[in-house]
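Enquirer: Pasting a structure below so you can have a look.
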Amino acid sequence: MKRTLFVMALAAVLLAGCNGLSKMKKASNKVRYQANPNPVETMDDKVVVKFTGQIPQKYFQKNCAVFIQPVFSWEGGNIPLEPMTLKGEKVEGDGTIINYANGGRFTYSDMFDFKPGMETGRVTLTPVGYKSDKTNEDARFADDILHDSKGKEFSPVLISNGVNNTSSWVDIKGNISISPINYNKTQGIVETADIYFLNGTSELDWNFEMNQKFDSYNTLQHLKRIMLEQGLPKQISITGWASPEGEETDNVGVSKNRADVATAQLNKVLDEVLTIMARRAKAKDVEYYKYQELKKLVITTRAAGEDWVHFVVMVEASEIQDKHAIINIVETQQNVVKREQMIRNMAETYTELKDEIFPNLRRAQIALYYSEARKTDAELAKLAQTKPDRLSFDELMYAAYINYNYDTKMKYYKWATENHSQEWAAWNNAGAVAFYLDDYDEAERYLNVARDMNPHNPDVLNNTGLLYLGKKDYALAKYYFEEAKRQGSNDADANLPILNLKRGNYSEAQKAMKGSTCTYNLAFAQLMNDETGTAIRTLDCCLDQNKDVKYLRAVAYARLGDKTNCLKNLKASIDDDYNYKRKAIVDTEFKEYWDDQEFKLITKLYND
C-alpha cells in the first residue's frame, strides 16, 4: 500500500511539472519582446541586436528554465547569436531569475560583423523550455536542450525584420593634408600690372573701385618706367581671368576679352616706350626701330577662364569659417558645372567670397620677364603628362596641385617618389591621395616612408591618422590626430570628431564640430541625434550637393514622414548614381514606402 501511494505521489509531481511546462508553452505568446531600436541597426560596421522581454505574472514556473538563442538569417546564411537562459525561482545555476508571482523583465544584447546584403536580414528566436532543478550550462544550441533536457519548443518570435545601416554613412575621407607647394610662379617676373573688371564684363574703367583700390592705371605706368630704365624684357605675358560666377564657356570668352583689353593697353605703353627709346638711340627711322625691337620681344596672350588657383590661395588666407570645406570642393569636384554652382551657393552663405574674393579674380595681368619666364599652367600640365623628367620637383608638385583629377595626381606623386625619393613631401602627398582613392595598402607604404623621413610633420601625422581611421584602428587614429594637432595641424582638429561618429558618440561629435556650419558629417551627427529639421538645414547649405547629401536628406524627410521631399531627394541621388537604387530598396529608412508605387517607379532596376 505504501509503495502504491509513493508511486502515485511521484507521478503527480511529474505530471504537475510537465503540466507547468506545457502551460508555459501554451501561453508563450503572452511574453512580449521589443527590439530597441526596431529594426536593429549597425554600429561601427557591426549589427547590434538589443531587445527586451516582458514576462507576465504567474507565467514562469518555479522549476522550469527557458533557453533563448536569437538567430540572424539572411540570403547569405544564418548566424546563431549568444544564448541566454531564464530560470524559475527554484532552479539552480546560471541564468536570469524570473519571479512566478510578479513576472519579470530581461534584456538581451549581442553583436556581429555586418556584411553587404544583411540589410534584409531577420532576427528570430524560438524559446525552448525545460523542467530541471539546475540549468543546462553546457548547452550552446537549442538542439542540446531538446535532446539532453527533453525541452519543448515554444512559439517562434520575430524580433526584427531588416537591419538599419545608416550609421555606416559617416564620411571618413576627412581633410587630407597636402604638403605646401614651394613652386613660385612669379620667379623671373620684374613687375606686374593688374586691370580689374566688373562682373561679367570686359569694359575698361579706370574709375572702377577695384582699379582705384589697387591704383591700376599708375601700376601700368610703372611698367613703362621699368622698361625705360632696364630696356625691353625677354618676354611679356598677358593673361585674362574670370571669377566662378558665370558659366565656364562664358567665362572663357570674358577672360579672352579681358586679355584683349590688357593687350591694347600694353600696345599703347610699348609704343610710347619704343618711341622714347628710338629718340634716345637717335634712330633715323623711328617706325623701323620699333619694328625691329618688337621682333625680339616674345608676347604671349592667354584666356585662362576661371582662376581656381588664385581662388584657393585667397580662400586659404581668409578667415572664412568653412574654408577647408570650400577648398576641398574645388580640389575634388571633377564636374566643372557642379563646382561652379556649389561655389555660387556658398557665396550666398559667406559674403566674403562674393564681396572680397570674387572681385580679385576678375582681372587681366600684364607681366614682364627679364629672365626666363616660368612655364604656364598648361605647359606644366602637358609636360607632367608626357615628359615629367623635364620638370623640377617643385614644378611637378605644382602640376599635381593644380590638377583636380585624383588618379592623375596619384600618377604625378608616384613618379615624384620614384625620381625624387629624398623629398618627404612626395611620399606624404602620394600617401594622402592613395588614401583618398581607398588604396590603403599603398597609402600605408608611402606614409611609412614619409614618417621615417619627417616623423613630427603635422601633414604626415594627420594623413597617418586618416589611414588608421580607414583601417578601423581607432586607437592609433586618435593618437596620430592628436599628435598632428599638437604640431599645429588644423586638418587633424577637423578629423578628430569622425572618431566619435564611427563609435556612435554623436553628441560628442556634434559638440566638437561646432566650428562647422555646412558639412555632411555635421548633418549626419544632427540626424543621428534626432535633430532632423536641423540636419536638413545643414544639408541644404552644404557646398557640395552630391549624391550622399541628397540621399541623407531623403532619409531625413522619410523620418519626418514627408513623402514628397523624401522621394524628390531620393530620385535626385539616384540620378547622380544609379547604384543608389539598389541601396534604397533594402534601406529600412524607406520601409514605409517600399510598397508605394512612386517609390517602386523611382527604384525600379533596369534588369528587373
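Enquirer: Of everything in segment 239-263, what is part of a helix (DSSP H, G or I), open to solvent by 20 Å² or more (accessible area, probe 1.4 Å) and either touching a residue at least 60 places away in the same chain (Cβ under 8 Å) or not small (G, A, S) (or both)? Give them in sequence order.
Expert: Keep residues of segment 239-263 that are part of a helix (DSSP H, G or I), which gives 248-263.
After this cut, where a residue has to be open to solvent by 20 Å² or more (accessible area, probe 1.4 Å) as well, the list is 248-250, 252-254, 256-257, 260-261, 263.
If the condition is that a residue be part of a helix (DSSP H, G or I), open to solvent by 20 Å² or more (accessible area, probe 1.4 Å) and either touching a residue at least 60 places away in the same chain (Cβ under 8 Å) or not small (G, A, S) (or both), then E248, T249, D250, V252, V254, K256, N257, D260, V261, T263 are the ones that fit.
Enquirer: I've got another one for you. So how many residues does segment 527-549 have that are surrounded by fewer than 20 Cβ atoms within 10 Å (Cβ to Cβ) and among the β-branched types (V, I, T)?
Expert: So the answer is 2.
Enquirer: Let me ask you something else. Acidic (D, E), open to solvent by 10 Å² or more (accessible area, probe 1.4 Å) and touching a Leu at 6+ places or on another chain (Cβ under 6 Å) - does that describe any residue in segment 508-526?
Expert: no
Enquirer: Considering only residues that are among the acidic types (D, E), open to solvent by less than 30 Å² (accessible area, probe 1.4 Å) and not in a loop (DSSP other than H, G, I, E, B), which ones fall in segment 576-602?
Expert: Within segment 576-602, just E589 meets the criteria.
Enquirer: Suppose we filter N136, N165 for residues that are open to solvent by 20 Å² or more (accessible area, probe 1.4 Å), of a type outside the set (K, R), farther than 30 Å from A492 by Cβ and touching a residue at least 60 places away in the same chain (Cβ under 8 Å); which single one remains? Reasoning before the result, please.
Expert: Details: N165 fails: farther than 30 Å from A492 by Cβ.
Criteria check complete, one pass: N136.
Enquirer: Select from segment 413-447 the residues that are out of contact with any Lys or Arg (no Cβ under 7 Å at 6 or more places or on another chain) and aromatic (F, W, Y) and write down the one among them that is farthest from G465 (Cα to Cα).
Expert: Once the filter is applied, the top-ranked residue is W415.
Enquirer: Quick check on segment 437-461: of everything there that is surrounded by 20 or more Cβ atoms within 10 Å (Cβ to Cβ) and closer than 28 Å to F114 by Cβ, which residue is nearest to the chain's Cα centre (by Cα)?
Expert: Among them, the one singled out is A443.
Enquirer: Something else about it: Can you pull out the residues in segment 139-162 that are at positive phi and open to solvent by 50 Å² or more (accessible area, probe 1.4 Å)?
Expert: Taking segment 139-162 as the starting set, the residues that turn out to be at positive phi are 150, 162.
Passing the criteria: only K150.
Enquirer: Look through segment 69-82, keep the residues that are touching a helix residue (DSSP H, G or I) at 6+ places or on another chain (Cβ under 8 Å) and either without any contact (Cβ under 8 Å) to a residue 40 or more places away in the chain or outside any strand (DSSP E or B) (or both), and return whichever of them is surrounded by the most Cβ atoms within 10 Å (Cβ to Cβ).
Expert: So in segment 69-82, the residues touching a helix residue (DSSP H, G or I) at 6+ places or on another chain (Cβ under 8 Å) come out as 69, 72, 74-76.
Applying the additional criterion that residues be either without any contact (Cβ under 8 Å) to a residue 40 or more places away in the chain or outside any strand (DSSP E or B) (or both) yields 69, 75-76.
On the way: Q69: 21, E75: 8, G76: 11.
Restricting to residues being touching a helix residue (DSSP H, G or I) at 6+ places or on another chain (Cβ under 8 Å) and either without any contact (Cβ under 8 Å) to a residue 40 or more places away in the chain or outside any strand (DSSP E or B) (or both), the top hit is Q69.
Enquirer: Still on this structure, please answer the following. Would you confirm whether any residue within segment 224-238 is part of a strand (DSSP E or B), open to solvent by less than 20 Å² (accessible area, probe 1.4 Å) and more than 15 Å from Y369 (Cα to Cα)?
Expert: no
Enquirer: In segment 49-78, what residues are among the β-branched types (V, I, T) and more than 19 Å from K30 (Cα to Cα)?
Expert: V49, V71
Enquirer: Then there's this: Could you list, in sequence order, the residues of segment 275-312 that are open to solvent by 80 Å² or more (accessible area, probe 1.4 Å) and either in a helix (DSSP H, G or I) or aromatic (F, W, Y) (or both)?
Expert: R279, R280, E287, Y288, Y291, K295, K296
Enquirer: Is at least one residue of segment 276-293 of a type in the set (F, W, Y), at pLDDT 90 or above and more than 20 Å from K224 (Cα to Cα)?
Expert: Yes, that holds for at least one residue.
Enquirer: When you go through (1) surrounded by fewer than 19 Cβ atoms within 10 Å (Cβ to Cβ); (2) closer than 19 Å to R362 by Cβ one by one for E272, which number turns out not to apply?
Expert: Single failed check for E272: (2).
Enquirer: Is it the case that segment 280-287 has a residue that's in contact (Cβ under 8 Å) with a residue 60 or more places away in the chain, among the acidic types (D, E) and either in contact with a Pro (Cβ under 7 Å, 6 or more places away or on another chain) or at negative phi (or both)?
Expert: no
Enquirer: Right, here's the next one. Residue check: is N500 open to solvent by less than 10 Å² (accessible area, probe 1.4 Å), assigned to a helix (DSSP H, G or I), closer than 15 Å to V170 by Cα and of a type outside the set (A, V, I, L, M, F, W, C)?
Expert: So N500 does not fit the description; no.
Enquirer: Just to confirm my filter: which helices (runs of 4 or more DSSP H) fall fully inside segment 339-453 and include at least 2 residues that are out of contact with any strand residue (DSSP E or B) (no Cβ under 9 Å at 6 or more places or on another chain), at pLDDT below 90 and farther than 20 Å from I326 by Cα?
Expert: 377-386, 393-402
Enquirer: So, one more: Going through segment 535-575 one residue at a time, which ones are closer than 21 Å to K600 by Cβ, charged (D, E, K, R) and in a helix (DSSP H, G or I)?
Expert: K547, K550, R553, R559, K563, K568, K571, D575
Enquirer: A further question on this structure: Could you please let me know if L125 is without any contact (Cβ under 8 Å) to a residue 40 or more places away in the chain, over 30 Å from M513 (Cα atoms) and aliphatic (A, V, I, L, M)?
Expert: No: the conditions fail for L125.
Enquirer: In segment 91-133, what residues are small (G, A, S), surrounded by fewer than 19 Cβ atoms within 10 Å (Cβ to Cβ) and outside any loop (DSSP other than H, G, I, E, B)?
Expert: The answer is G103, G104, S109.
Enquirer: Further, regarding this structure: Of all residues in segment 173-201 being among the hydroxyl-bearing types (S, T, Y) and farther than 27 Å from A450 by Cβ, which is modelled with the lowest pLDDT?
Expert: T186
Enquirer: Now a separate question. Can you tell me which residue is nearest to W169 (Cα to Cα) among those in segment 503-534 that are in a helix (DSSP H, G or I) and of a type in the set (V, I, T)?
Expert: So, considering only residues that are in a helix (DSSP H, G or I) and of a type in the set (V, I, T), the one nearest to W169 (Cα to Cα) is T532.
Enquirer: List pairs: first in segment 401-420 and without any contact (Cβ under 8 Å) to a residue 40 or more places away in the chain and within 18 Å of E442 (Cα to Cα), second part of a loop (DSSP other than H, G, I, E, B) and polar (S, T, N, Q), Cβ under 6 Å, 6+ apart or cross-chain?
Expert: If the second residue must be part of a loop (DSSP other than H, G, I, E, B) and polar (S, T, N, Q), the pairs left are K409/N403.
The values are calculated or read from the model by the stated rules, or taken from the named source; none is laboratory data. This one's a predicted model, so the numbers in the text were calculated from it and none came from an experiment. Neighbour counts run over all protein chains shown; Cβ positions are idealised from the backbone, glycine included. Only protein heavy atoms, including side chains, enter the accessible area calculation; ligands, DNA and RNA are left aside. Shrake-Rupley method; radii C 1.70, N 1.55, O 1.52, S 1.80 Å.
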